[in-house]
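Following: one structure in structure tokens, then a few remarks.
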Amino acid sequence: MMSDKLKEAIQALKDEFQAEEVVFRGEHTLLLKPTQIVDACRKLRDEFDFNVLSGITAVDYWPEEEIRFHVVYQLYSLAHNLTLRLRALVPGTNPSVPTIEGVYPNANWYEREVWDMFGIRFEGHSDLRRILMPYEWEGHPLRKDYPLGYEEVQFSFNAEEIDAKKPYAQE
Amino acid sequence: MVQLQEVTLDELKHLVSDRAVSGETMVLNMGPQHPSTHGVLRLMLELDGETVVNCVPDIGYLHTGVEKNMESKRYLQAEVMTDRLDYLNTVGNNLAYCLAVEKLVDLDVPERAQVIRVILAELQRIASHLVWLGTSALDLAAMSVFLYCFREREMILEILEMVSGQRMMTTYIRPGGLWRDVPEGFIEAVEEFVDYFPARIDQYEGLLTHNPIFIDRTKGIGVISAEDAIAYGLTGPSVRGSGVPYDNRKLRPYSGYEEYEFDVPTAEDGDVYARYLVRVQEFRQSLRIIRQGLKRLKDLEGAPVRSSNRKFVPPPRSEIGTSMEALIHHFKLWTEGFSAPKGYVYVPVESPRGELGVYLEGDGGNKPYRVYWRTPSFAHLQALPKLSKGHLIADLVAIIGSVDIVLGDADR
């Protein structure tokens with residue numbers, strides 16, 4: 001039970017960007033290259049009325065390297081009541097995606113959050129600072145190779161080994 | 001040891017105008033400890049006298065890493081953390097998360113559970129709006145409204161305590177239904193509230209709607225057009241105040257909202273007063289939904305409130321003593337939990353503040369691979385500079401109140 005408008009939009013993107021389509025539980029997702037994201041978003045907004053950007057997030061598929069991250073764009077069309085998701089496939093080394101701030105102004109903070117949490121750069125972003133973590137924070141917490149932060153349990157056989165790694169306060 | 005990095009002025013220069021660099025305007029810090037920022041929100045304000053030239057919100061003071069934590073918990077365990085996000089909409093957070101899990105694993109929910117979910121979600125909406133009304137009126141120096149609102153909110157919290165044992169962190173809604181059926185006296189308690197509350201709404205309106213001081217402080221303040229409101233990601237009552245009937249309960253119904261009769265109140269002006277009017281009318285609409293829900297609930301007396309799919313929902317205690325299979329299911333569910341297939345879903349619901357969306361990804365295991373919370377407070381804070389430029393600091397306080405933010409919701 002898929003609306004014609006959505007079918008049309010998906011077909012247009014498939015034709016123009018050779019996008020791959022994934023359907024799961026009735027939700028439609030298009031997989032794109034990072035360089036295509038801005039054009040795809042602009043096309044969806046201008047030609048198919050996808051005027052609401054609900055959110056941007058990312059998923060880390062570590063230890064995959066070639067396509068380590070998926071940046072997820074959740075779009076919504078208020079006029080036609082349609083939902084569509086775009087995913088940009090990003091490599092693990094120097095991950096970066098062009099910013100879509102020019103298409104959806106509210107992408108600003110969402111992209112800052114993805115940079116903060118995953119370390120994916122957004123090229124051309126006007127203010128790419130950390131947003132949730134402290135300014136001097138090292139690392140990007142939502143990456144899968146980032147530990148959750150438990151304190152390691154010391155047993156008699158490894159007490160000293162763990163003790164040596166503990167971040168005691170320095171003089 | 002973490003070395004504190006110096007922040008050079010150059011790195012932050014783009015946030016303020018050139019006039020701040022020359023010293024013509026003043027840069028002032030508001031928050032994070034400030035009574036009118038509704039939590040730990042810090043605003044960097046550039047001021048020309050008392051006029052806001054620029055406003056840069058700085059969030060993250062309440063960041064608790066919920067999304068990261070959820071990845072290390074099983075689906076059922078992770079739900080406990082959803083209460084802690086938006087602490088004024090705990091039932092709604094549970095609901096959004098459970099709907100996402102149910103969609104991911106393709107799980108059914110019995111009708112009686114759906115009805116109870118809707119009743120509780122609407123009660124929670126009223127409770128959340130009461131806190132909003134009380135605190136944002138208090139910001140504008142209307143002290144008595146605050147006290148009245150918290151008095152009525154207490155009745156709702158008592159109903160939540162009655163069904164779940166907790167006033168706020170309920171975790172009452174579970175994947176596949178509810179924790180248990182509502183106790184005796186629930187319908188009477190809700191009915192008592194529904195009968196009592198309309199007169200109270202009139203009382204609030206009597207204190208505020210035609211109050212000249214309140215109108216002076218709110219009309220024409222923080223105006224945003226419909227196009228801008230959508231472009232800057234406003235949702236819920238904040239966008240409906242600009243005349244856009246964007247309500248997920250109508251547009252993308254869940255939990256059977258399509259079967260209830262209710263209106264989506266909107267206002268045209270897009271200012272603080274319009275957003276106030278929308279929320280006050282929502283009180284009445286929520287009551288309408290609750291009344292219909294209670295009627296349905298009486299018809300569904302004795303119906304199950306949990307799915308009978310034992311792969312996801314634990315069997316009742318009475319079965320465990322007599323059925324080997326029930327014992328095995330119980331054991332499996334509490335030791336390793338259930339597994340979700342590989343795939344991803346996004347479920348938007350209408351929280352009291354706006355669109356609350358859960359993006360949930362499963363990898364075939366028993367823990368969520370990725371949970372993303374698209375929270376309304378985060379989106380609304382982003383629009384704050386747009387709303388507040390050119391207004392006085394005192395008006396900024398009214399604007400923060402009018403977009404209804406909860407910092408636990410924004411920082412996650």
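The values are calculated or read from the model by the stated rules, or taken from the named source; none is laboratory data. Model, not experiment: these values are computed from the prediction. Ideal geometry is used to build each Cβ from the backbone, glycine not excepted, and the neighbour counts take in all protein chains shown.
Brief remarks follow.
- In this structure, B:PRO348 qualifies as touching a Lys or Arg at 6+ places or on another chain (Cβ under 8 Å) and either surrounded by fewer than 19 Cβ atoms within 10 Å (Cβ to Cβ) or within 23 Å of A:GLN74 (Cα to Cα) (or both).
- Output for segment B:141-167, where each listed residue is surrounded by fewer than 17 Cβ atoms within 10 Å (Cβ to Cβ) and within 26 Å of B:LEU333 (Cβ to Cβ): B:GLY165, B:GLN166
- Only listed residue being of a type in the set (S, T, N, Q), within 15 Å of the chain's Cα centre (by Cα) and more than 17 Å from A:LYS33 (Cβ to Cβ), chosen from A:GLN74, A:GLN154: A:GLN74
- Residue count for segment A:2-24 satisfying the condition of being within 14 Å of chain B (Cβ to nearest Cβ) and either part of a helix (DSSP H, G or I) or modelled with pLDDT under 85 (or both): 2.
- Of the residues examined, A:SER54 is one that is hydroxyl-bearing (Ser, Thr, Tyr), facing chain B (nearest Cβ under 8 Å) and either touching an Asp or Glu at 6+ places or on another chain (Cβ under 8 Å) or free of Cβ contacts under 8 Å to residues at least 12 places away in the same chain (or both).
- The residue of segment A:25-38 that is surrounded by the fewest Cβ atoms within 10 Å (Cβ to Cβ), among those that are under 19 Å from the mean Cα position of the chain (by Cα) and not in a helix (DSSP H, G or I), is A:LYS33.
- Taking the criterion of being surrounded by 16 or more Cβ atoms within 10 Å (Cβ to Cβ) and in a loop (DSSP other than H, G, I, E, B), the residues of segment B:221-242 that qualify are B:ILE221, B:GLY222, B:VAL223, B:ILE224, B:TYR232, B:GLY233, B:LEU234, B:THR235, B:GLY236, B:GLY241, B:SER242.
- Residue match in segment A:49-58 (condition: over 16 Å from the mean Cα position of the chain (by Cα), aromatic (Phe, Trp, Tyr) and more than 15 Å from B:VAL345 (Cα to Cα)): yes
- Residue in segment B:350-367 that is in a helix (DSSP H, G or I) and in contact with an Asp or Glu (Cβ under 8 Å, 6 or more places away or on another chain) present: no
- Conditions (1) under 26 Å from B:ARG125 (Cβ atoms); (2) within 13 Å of chain A (Cβ to nearest Cβ); number of the one not met by B:GLU361: (1)
- Test: residue in segment A:39-49 that is more than 10 Å from chain B (Cβ to nearest Cβ) and in a strand (DSSP E or B): no
- Listed by position, the helices (runs of 4 or more DSSP H) inside segment B:42-147 whose residues that are within 14 Å of chain A (Cβ to nearest Cβ), touching a residue at least 12 places away in the same chain (Cβ under 8 Å) and over 14 Å from the mean Cα position of the chain (by Cα) number at least 1 are B:66-70, B:75-82, B:90-105.
- Which numbered condition A:VAL59 misses (of (1) within 8 Å of chain B (Cβ to nearest Cβ); (2) part of a strand (DSSP E or B); (3) surrounded by 23 or more Cβ atoms within 10 Å (Cβ to Cβ)): (3)
- Each residue in segment A:25-38 was checked for being within 14 Å of chain B (Cβ to nearest Cβ) and either touching a helix residue (DSSP H, G or I) at 6+ places or on another chain (Cβ under 8 Å) or not charged (D, E, K, R) (or both), and 6 of them qualify.
- Residue, farthest from the other protein chains (Cβ to nearest Cβ), within segment B:368-397, restricted to residues that are charged (D, E, K, R) and either in contact (Cβ under 8 Å) with a residue 60 or more places away in the chain or in a loop (DSSP other than H, G, I, E, B) (or both): B:ASP395
- Strands (runs of 3 or more DSSP E) (entirely within segment A:67-155) containing at least 2 residues that are among the aromatic types (Phe, Trp, Tyr) and within 12 Å of chain B (Cβ to nearest Cβ): A:69-77
- Qualifying residue in segment B:302-309 (condition: over 30 Å from B:HIS129 (Cβ atoms), in contact (Cβ under 8 Å) with a residue 40 or more places away in the chain and within 14 Å of chain A (Cβ to nearest Cβ)): no
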